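Participant: Just passing along the structure, written as structure tokens.
The values are calculated or read from the model by the stated rules, or taken from the named source; none is laboratory data. Here the structure is a predicted model, which means the values were calculated and not measured. Backbone-built Cβ (ideal geometry, glycine too); neighbour counts: all protein chains shown.
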Amino acid sequence: MSGMFAVMRKEWKTYLITPAAYVVVALFAFVSAFFFYNMLAVFVMQSLNGGFGGGNLNVDVQVLQPLMFDIGITLLFLLPMVTMRQYAEEANSGTMELLKTAPIRRMDVILGKFFAALGLLIVLLIITGFYVGVVAHYGAPDLRAAAISLLGLLLLGGAFLAIGLLISSFTKSQVVAGVITFVLFLVLWIADWPVAYSSGTAAHVIGYLSVTSHLQNFTQGILDLKDVIFYLSLIVAGLFLTARRMELAE
Amino acid sequence: MLEVCNVSKDYGPFHAVRDLSFTAAAGEIVGFLGPNGAGKTTTMRLITGYLPPTRGEVKVDGLVVRTNALEAKRRIGYLPEVPPVYPELTVNEYLNFCARLRRVPSRQRQDAVARACQRTALNDVRHRVIGHLSKGFRQRVGIAQAILHEPQLLVLDEPTAGLDPRQILETRQLIRELAGQHTVIISTHILSEAAATCERVVIINRGALVAVDSPENLTHRLKSTDTIELQVRGPQPAITALLGAIEGVLKAEFSHLRQEVGTWQLEVANAGVREEVARRIVGSGWGLLELRPIDLSLEEIFLSLTANQPEGQVEAPPPAADAEKGVQL
Ligand SMILES: Nc1ncnc2c1ncn2[C@@H]1O[C@H](COP(=O)(O)OP(=O)(O)OP(=O)(O)O)[C@@H](O)[C@H]1O
Ligand SMILES: [Mg+2]
């Protein structure tokens, strides 16, 4: 346990003194603010027009739900930047020798790195929470649904981080790790597209693996154990396979 | 303290370490010598648990490193070939992280870091970023990291590589100080370094053991006779004839002439012959300028030991080479 905290502290220190984490947070803040502002602007315009188009105006459906979904996409782009260096850097600088000969478990290193990255993800979600706060200040959004959305994003991001960590353990090159991670996230994101036109079992099995469809429930305020388990099993599988990978690499 | 028992390490079809066995007693300094690619680094990685051996096992303080990894690793301090530093951290931050990794209790952490910095002369750069330090200073940070937790076994892979002469001497001094409470294994291909610091030398070549002995014994073992070098001013043929005629001189060989001073190499049966040689030369009226015994240097011993290694052994398949190949993901 103490080994895990040591690794986690060191990772956080690195986030604080190197530009990578700041770049991720700044890009996230910029992109998410852009999404939020646009959705809010459209919503306000429609409100002023008195519900032009006939439908009921609903800040949850028109602002927060799509915002949360788009933030999921933003994470897909940004989190590979967090995970790509995690093992590649240790392998390149020779510090792997320090970690592997220290009296700590393989899992201490993996969990230390994972939770450190999760901490960064939570910073991003706090920024997201700020948007919910803005909406809550002027209107009455469904705060329970917003909280569930944030939980969904945490789980989705956690799954991305675990998978990214696994991929970074395969290569010494940050670029290769980053690109493969990004492509894999993209595949996981669009995996449910075939479900739209195909009714075959294969399409549904693949569709089940799509991180998108599971996120959709969360953004709509539906807390389904099935979705939680889906993300948690991705996280556990990612971390476990990373441990296996480190073991076999010896 | 350290037992290396019939350890082998294969990298695919390549045998980097072959059936290596040696031990190191508590408090001993053992030098680990071999030419480039001999398998020194590989062996040190096997000892520290960075790599698992293909066959055989390593025991530290009676604990098998492979199966009792955490307990064994607590007793080891390791300086890898490349100092394992994080360039973005300061020396202080880095050593604190290492102290945490090595489970130095939090109350003792500051003291441990301060002591390690003191011993490796790092105090002036403690608050500088490691990435901005020179190579020698980074090497010192690596040494500080290895001794931080007062390990029982200290494994140093070429500890003086990249250091300035003064720092080399200080590091050797430090290593000698550490011995006694710690068992120290240092690898090097600089033999004088091993001679200067080590009580025992393990010589390996192509992954296999060549010799284990004290530097003195190794020097001794290889010479059955004494060699002396002689500088005399005088007629060369007459001197050679005279030297050859002295009883106890096995071989007298003229080597070269410089500014009318000739140099001879004599092989003599015992040290007493030296006096007779001096007497006879002076007695003949020639100028004896120098007479000194020549010790076989460790370099020469090393070369003679490793030169006799049978070639072509490298590709010989060991028994059960594939038994433990893991499935690569
Ligand atoms: N990961 C690896 N994969 C394949 N072969 C390796 C690997 N690591 C080392 N070797 C080989 O094992 C042999 C021993 O290497 P090692 O690094 O132990 O030598 P060394 O004695 O430390 O040499 P040097 O004095 O140059 O540091 C070398 O021939 C090297 O090419
Ligand atoms: Mg080496």
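Participant: Does the stretch B:94-101 contain any residue that is in contact (Cβ under 8 Å) with a residue 12 or more places away in the chain, in contact with an Asp or Glu (Cβ under 9 Å, 6 or more places away or on another chain) and away from ligand 2 (no atom under 16 Å from the Cβ)?
Facilitator: no
Participant: Search the stretch B:1-15 for residues being buried (at least 22 other Cβ atoms within 10 Å of the Cβ) and near ligand 1 (Cβ under 10 Å from one of its atoms), and hand back the single one that is farthest from the other protein chains (Cβ to nearest Cβ).
Facilitator: In this case the residue turns out to be B:H15.
Participant: Shifting gears a bit: Residue under question is B:R18, and the condition is that it be touching a residue at least 40 places away in the same chain (Cβ under 8 Å), touching an Asp or Glu at 6+ places or on another chain (Cβ under 7 Å), more than 13 Å from ligand 2 (Cβ to nearest atom) and at negative phi; does it hold?
Facilitator: no
This table checks each residue for (1) away from chain B (no Cβ under 14 Å); (2) part of a helix (DSSP H, G or I).
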site: A:R9; (1), (2): no, yes
site: A:A26; (1), (2): yes, yes
site: A:M45; (1), (2): yes, yes
site: A:I73; (1), (2): yes, yes
site: A:L76; (1), (2): yes, yes
site: A:L99; (1), (2): no, yes
site: A:P103; (1), (2): no, no
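Participant: Among the residues of the stretch B:161-187, which ones are out of contact with any Lys or Arg (no Cβ under 7 Å at 6 or more places or on another chain), within 16 Å of B:G136 (Cβ to Cβ) and either within 14 Å of chain A (Cβ to nearest Cβ) or within 15 Å of ligand 2 (Cβ to nearest atom) (or both)?
Facilitator: Correct list: B:A161 only.
Participant: Scan the stretch B:55-80 for residues that are closer than 23 Å to A:L248 by Cβ and either surrounded by fewer than 17 Cβ atoms within 10 Å (Cβ to Cβ) or within 11 Å of chain A (Cβ to nearest Cβ) (or both) and report the count.
Facilitator: Here the count works out to 12.
Participant: Are any residues in the stretch B:5-20 part of a strand (DSSP E or B) and out of contact with any Ser or Thr (no Cβ under 8 Å at 6 or more places or on another chain), and if so, which ones?
Facilitator: B:Y11, B:F14
Participant: When you scan the stretch B:105-127, how many residues do you find that are buried (at least 20 other Cβ atoms within 10 Å of the Cβ) and outside any helix (DSSP H, G or I)?
Facilitator: 2
Participant: Please go through (1) free of Cβ contacts under 8 Å to residues at least 40 places away in the same chain; (2) aliphatic (A, V, I, L, M); (3) within 16 Å of ligand 2 (Cβ to nearest atom) for B:A38 and return the number of the only condition it doesn't satisfy.
Facilitator: Unmet for B:A38, out of (1) free of Cβ contacts under 8 Å to residues at least 40 places away in the same chain; (2) aliphatic (A, V, I, L, M); (3) within 16 Å of ligand 2 (Cβ to nearest atom): (1).
Participant: Still on this structure: Test B:L95 against the stated conditions and say whether it is within 14 Å of chain A (Cβ to nearest Cβ) and modelled with pLDDT of 95 or more.
Facilitator: Taking the combined requirement at face value, the residue satisfies it.
Participant: Can you tell me which of (1) without any contact (Cβ under 8 Å) to a residue 40 or more places away in the chain; (2) surrounded by 16 or more Cβ atoms within 10 Å (Cβ to Cβ) is the one A:A26 doesn't meet?
Facilitator: With respect to (1) without any contact (Cβ under 8 Å) to a residue 40 or more places away in the chain; (2) surrounded by 16 or more Cβ atoms within 10 Å (Cβ to Cβ), A:A26 is out only on (2).
Participant: Residues being part of a helix (DSSP H, G or I) and either in contact with a Lys or Arg (Cβ under 6 Å, 6 or more places away or on another chain) or within 8 Å of chain B (Cβ to nearest Cβ) (or both): count how many of those fall in the stretch A:105-123.
Facilitator: 0
Participant: Could you go through the stretch B:128-138 and let me know if any residue there is β-branched (V, I, T) and surrounded by 24 or more Cβ atoms within 10 Å (Cβ to Cβ).
Facilitator: Within the stretch B:128-138 (the criterion being β-branched (V, I, T) and surrounded by 24 or more Cβ atoms within 10 Å (Cβ to Cβ)), the answer is no, since none of the residues qualifies.
Participant: Could you tell me which of the residues B:P80, B:P87 is touching a residue at least 12 places away in the same chain (Cβ under 8 Å), within 30 Å of A:I17 (Cβ to Cβ) and within 16 Å of ligand 1 (Cβ to nearest atom)?
Facilitator: Sole residue among the options that is touching a residue at least 12 places away in the same chain (Cβ under 8 Å), within 30 Å of A:I17 (Cβ to Cβ) and within 16 Å of ligand 1 (Cβ to nearest atom): B:P80.
Participant: Just checking, how many residues over the stretch B:26-52 are aliphatic (A, V, I, L, M) and at pLDDT below 90?
Facilitator: Of the residues in that region, 3 qualify.
Participant: Take the residues of the stretch B:173-191 that are in a helix (DSSP H, G or I) and away from ligand 1 (no atom under 16 Å from the Cβ): which is surrounded by the fewest Cβ atoms within 10 Å (Cβ to Cβ)?
Facilitator: B:E177
Participant: Moving on to the next point. Please tell me if A:V179 is over 15 Å from the mean Cα position of the chain (by Cα) and within 30 Å of A:A116 (Cβ to Cβ).
Facilitator: yes
Participant: Return the pair list, or none, for Cβ contacts closer than 7 Å from residues in the stretch B:198-225 that are within 15 Å of ligand 1 (Cβ to nearest atom) to residues that are at pLDDT below 85 and among the charged types (D, E, K, R), at least 6 apart or on different chains.
Facilitator: Close Cβ pairs satisfying both conditions: B:V201/B:D213.
Participant: Within the stretch B:254-275, which residues are surrounded by 13 or more Cβ atoms within 10 Å (Cβ to Cβ) and within 15 Å of B:D226 (Cα to Cα)?
Facilitator: Residues satisfying the conditions are B:W264, B:Q265, B:L266, B:E267, B:V268, B:A269, B:V273, B:R274.
Participant: So which residues in the stretch B:17-42 are within 12 Å of ligand 1 (Cβ to nearest atom) and more than 14 Å from chain A (Cβ to nearest Cβ)?
Facilitator: Once the filter is applied, which keeps residues that are within 12 Å of ligand 1 (Cβ to nearest atom) and more than 14 Å from chain A (Cβ to nearest Cβ), the stretch B:17-42 yields B:V17, B:R18, B:L20, B:F32, B:L33, B:G34, B:P35, B:N36, B:G37, B:A38, B:G39, B:K40.
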